[in-house]
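The structure appears right after this line, and notes come after that.
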Amino acid sequence: MNRIIKKISRFFCWLTFVSREKGTVAIEFALTLPIWVALLIGTADAAYMMILTQRIDRVAYSVTDIVTQSDVITTDDLDRILLAASQLMQPFTFGADGIVIITSVYKPAGQATTISWQYSGGGTLGRGSKIGYVGSTPSLPNGMTISDNENVIISEVYYYFRPMFINAGVLSEGDVYRAAIYKPRLSPLITPPT
């Protein structure tokens, strides 16, 4: 009989231990839940921003590459190139959140480097070129210099990033900016497009 009482006593002790463990687990889960949610939201927003940044990089380099393969460039050509750029941005859209600015920078022999022409489109985001404006001395990135009679095409892409979880405070909204610089391959592209 004592054996049976001991077994029943052990069983109830085990049940008490299990119920205490369940309570502890529930409390630990409740305390760590905000951390897990913040990690989940942060990971989702970081992945969203990484995909967006990759698309913007692709647009900047592709637009510059296509423009520099032209012998002569027209505004119709640039419109088509920017239409293709909007396809590269999918599933994101430029619309009011993005813009592409294409700039031709030229240094005539013995003269100062100047901006020959600029073209913007693809979206309606109100941003100006970090390079400068037509006729001015350009502000080239990373201390880049251009030799006499040399021409480069610079594509700048702006996109206004809005995180999926704005109120979570993990990532803040703001501009994502990328630029690409190539030399024209077939001819200097210093004549403004018509």
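Quick one: which strands (runs of 3 or more DSSP E) sit completely within the range 113-190 and have at least 2 residues that are exposed (fewer than 13 other Cβ atoms within 10 Å of the Cβ)?
Result: 174-182.
So which residues in the range 93-109 are surrounded by 14 or more Cβ atoms within 10 Å (Cβ to Cβ), touching a helix residue (DSSP H, G or I) at 6+ places or on another chain (Cβ under 9 Å) and part of a loop (DSSP other than H, G, I, E, B)?
Hit for the range 93-109 is F94, nothing else.
Examine the range 71-88 for a residue that is among the polar types (S, T, N, Q), modelled with pLDDT under 90 and either part of a strand (DSSP E or B) or at positive phi (or both), and state whether such a residue exists.
No, the range 71-88 contains no residue that is among the polar types (S, T, N, Q), modelled with pLDDT under 90 and either part of a strand (DSSP E or B) or at positive phi (or both).
Among the residues of the range 20-43, is any out of contact with any strand residue (DSSP E or B) (no Cβ under 6 Å at 6 or more places or on another chain), modelled with pLDDT of 90 or more and within 23 Å of V176 (Cα to Cα)?
no
Across the range 156-187, what is the total count of residues that are touching an Asp or Glu at 6+ places or on another chain (Cβ under 9 Å), closer than 18 Å to L88 by Cβ and either among the β-branched types (V, I, T) or at pLDDT 90 or above (or both)?
9
Only one of these conditions is not met by I190: (1) of a type in the set (A, V, I, L, M); (2) closer than 20 Å to R80 by Cα; (3) modelled with pLDDT of 90 or more. Which number is it?
Condition not satisfied by I190: (3).
The values are calculated or read from the model by the stated rules, or taken from the named source; none is laboratory data. If you're wondering where the values come from, they're calculated on a predicted model, not measured in any experiment. Heads up, the Cβs are rebuilt from the backbone with ideal geometry, glycines too, and the neighbour counts pull from every protein chain shown.
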